[in-house]
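The values are calculated or read from the model by the stated rules, or taken from the named source; none is laboratory data. What you see is a predicted model; the values in this text were computed from it and never measured. Here the Cβ positions follow ideal geometry from the backbone for every residue, glycine too, while neighbour counts run over all protein chains shown. Just so you know, the surface numbers come from the protein's heavy atoms only, side chains and all, with ligands and any DNA or RNA stripped out. Shrake-Rupley method; radii C 1.70, N 1.55, O 1.52, S 1.80 Å.
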Amino acid sequence: MTALNAWKVIEPDSFYRSFIEKQQRPDERKWLEARPVTLKVSSITTADGSATVRLGNTTVVCGVKAEISVPDLREPNKGFIIPNIELHPCCSPTVKTGPPGEKAMVTSQFLAKVIESCNVIDKKTLCIVPNKLSWCLYCDVICLDYDGNLGDASLLALVAALQDTTLPKVEFDEETEKIVVENEKTEKLKVLSRPISTTITLYSSDIHLLDPTAEDESEGNGEITLVLKDSNTLGLTHKSGGQMVTPDNLQKFMDLAKKRVKELTKIMNKAFKT
Amino acid sequence: MAQHKGELNFLSRSDGSALYSIDDTVILASVHGPSDVKVSNRKHDGLHLDVCFSPRTGSSNIGEKTIEAIITHTIKQCLLAHLHPRAGVTLTIQEMQSGGLDLSVSINASCLALLDAGIQMSTTFAAVTCCLTSDDVCIVEPSEIELKESKAVLTYVFDGTKMDVITTHQEGAFDCKQLLKCLAKCKTVAKDV
């Protein structure tokens, strides 16, 4: 057993390749097999909405907190949704303390773009009184354990947490400018679409690995992420450098993504029924 | 096709520089290297690439950082990094004028600047942006007004030899079948770039 571990540490490339050649990966999955997903909603009682996602070992928690704010002058009848992801040092030895690194910033921006592109929530419904009051939803996503595929897990957690969010009724008296917020949270947030993302690591020009672990990501040569709004609408594609792909491969990835949408939508529906 | 203009060796003090413009978007890229790099960033088997994107107004924040990340990964794929171990290349991108096509112009400018500096690359690359209007018409290299009214904006980076896709970046939702159509259209334009 120790000889095998020694091989993994000294020569990670050839160790990994020996699995790939046999159409498998070190965690006994095939190339296009995804890890099991567990989704739990309302895990944080102090937040207005929350969800915890476990994608294999990758653990991500999303909490949504709503605050009252003044709408932007340029868009006086729209509220705000601000996603932010934090990678804590406990999640991986590659993450250090201090300001957010590139991965956290790129993923935060990715989440913000998905919310905008896929029209997850109509920002007009977040407005309480045009020009005066609106809701600002702070969506904090925290990664507790990073074992690859942060994008998929955090998007799933974010969308589930938004669907779980309930807001209290707010009364605004025009004359006295007094804001009264009810204690009971009665208004469920209306989620218009539930985008699902699929990440595929490109190991070589022919070998593509679905749902990569941290090891797959470091051995591979780039990732491609496809976000589908529903089974036919492509919300976002993101591929930053890495192995080059041909248009046939893009079609193959889209089919994989469509399958993934079906699986994850089922899991989301199940989590909300219980 | 929109008006493309490129000028090499624009700056006198850098190893390589290029000024690239498509219509109203003008971007200046400057390359320094291969040269010294901090000990913490030194890689024993290859080149370390540092990309810095400065917007025209304001300071650099998360939006700029994502552009830098996309450009870094795209270039890493094309550079022959193993030829310069323990060295570093700094690529600075300055936005001179914004017409909405920042990402693709930056990438094209970076390619020219790297060529001007003489840093070995395995392939050149070209970036093309297209937008999809609400009637599902694909416009390549749109103007700022067309961008604002479109429902999706896509940027593709193609490599120079096999015309495969190195990078894609997309904002806005549209039907899956449109993806391949836009890709094919961008490919034909990229050949000219």
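The local environment of A:E102, defined by Cβ-Cβ distances under 15 Å, has a net charge of -2 under the rule Lys, Arg +1 and Asp, Glu -1.
Taken along its three principal axes, the alpha carbon spread of chain A comes to 76, 39, 37 Å, from the longest extent down to the shortest. For the set A:R194, A:R54, solvent exposure ranked by accessible area (probe 1.4 Å, protein chains only) runs largest to smallest as A:R54, A:R194.
Just to confirm my numbers, what's the Cα centroid distance between segment B:11-67 and segment B:117-141 in Å? Centre-to-centre distance over Cα atoms comes out at 19 Å.
Of the residues B:L115, B:V137, A:T38, the one whose Cα sits farthest toward the positive end of the charge dipole of the protein assembly as shown, with +1 on the Cβ of Lys and Arg and -1 on the Cβ of Asp and Glu, is A:T38.
Note on B:59-68: average number of Cβ atoms from other chains within 10 Å of each residue's Cβ is 4. Taking A:L55, A:L264, A:L158 as the candidate residues, the one with maximal mean-square fluctuation in a Gaussian network model of chain A, Cα springs under 10 Å, is A:L264.
Dipole check for segment B:4-192: with +1 at the C-beta of Lys and Arg, -1 at the C-beta of Asp and Glu, and the Cα centre as origin, the magnitude is about 620 Debye. For B:F158, the solvent-accessible surface computed with a 1.4 Å probe is close to 0 Å², ligands and nucleic acids excluded. Scalar couplings 3J(HN,Hα) for segment A:111-119, obtained by applying the Karplus form with A = 6.51, B = -1.76, C = 1.60 to θ = phi - 60°, are 5, 4, 5, 5, 4, 6, 5, 8, 6 Hz; x denotes Gly and Pro.
From most to least packed by mean Cβ count within 10 Å, the peptides A:251-263, A:209-221 give A:209-221, A:251-263. Across peptide A:103-110, the average count of Cβ atoms from other chains found within 10 Å of a residue's Cβ is 4.
Round to a whole angstrom and tell me the spacing of the C-alpha centers of segment A:215-255 and segment A:137-195. When both Cα centres are located, 28 Å separates them. Stokes-Einstein diffusion for segment B:1-100 at 10 °C, viscosity 1.306 mPa s, with a Kirkwood radius from C-alpha pairs, works out to 109 µm²/s. Which of rounded, prolate, oblate describes the protein assembly as shown, given a ≥ b ≥ c as roots of the alpha-carbon gyration tensor eigenvalues and a/c under 1.5 marking rounded, otherwise prolate only if a/b is larger than b/c? The shape class here is oblate. For the residues A:C118, A:C139, A:C90, a GNM of chain A with alpha-carbon springs under 10 Å puts the largest fluctuation on A:C90. Surface exposure of segment B:38-157, expressed per residue as accessible area with a 1.4 Å probe, stands at 42 Å². Per-residue Cβ counts within 10 Å, from other chains only, averaged over A:245-253: what number is that? Average neighbour count from other chains, rounded to a whole number: 3.
Rolling a 1.4 Å probe over the protein heavy atoms leaves B:S134 with an accessible area of roughly 90 Å².
Charge dipole (Cα centre; +1 on Lys/Arg Cβ, -1 on Asp/Glu Cβ; no other charges) of segment B:35-124 amounts to roughly 260 debye.
Calculated [222 nm] ellipticity per residue, helices only, for the protein assembly as shown: -9500 deg cm²/dmol; basis is -39500 (n - 2.57) per DSSP H run with n ≥ 4, divided by all residues, nearest 500.
Computed over protein heavy atoms with a 1.4 Å probe, the carbon and sulfur contribution to the accessible area of segment B:115-164 reaches 50%.
Among the listed pairs A:K78/A:K262; A:K252/A:K273; A:K30/A:K266, those whose Cα-Cα separation exceeds 25 Å are A:K78/A:K262; A:K252/A:K273.
At a Förster radius of 45 Å, what calculated FRET efficiency corresponds to the Cβ-Cβ distance of A:S18 and A:T176, to the nearest 0.05? The calculated FRET efficiency here is 0.05.
Rounded to the nearest 20 debye, the dipole size of chain A about its Cα centre is 700 debye, using +1 on the Cβ of Lys and Arg and -1 on the Cβ of Asp and Glu. The trypsin sites (Lys or Arg not before Pro) of segment B:20-118 meeting both criteria, a DSSP state outside H, G, I, E and B (loop) and at most 10 other C-beta atoms within 10 angstrom of the site's C-beta, are B:K38.
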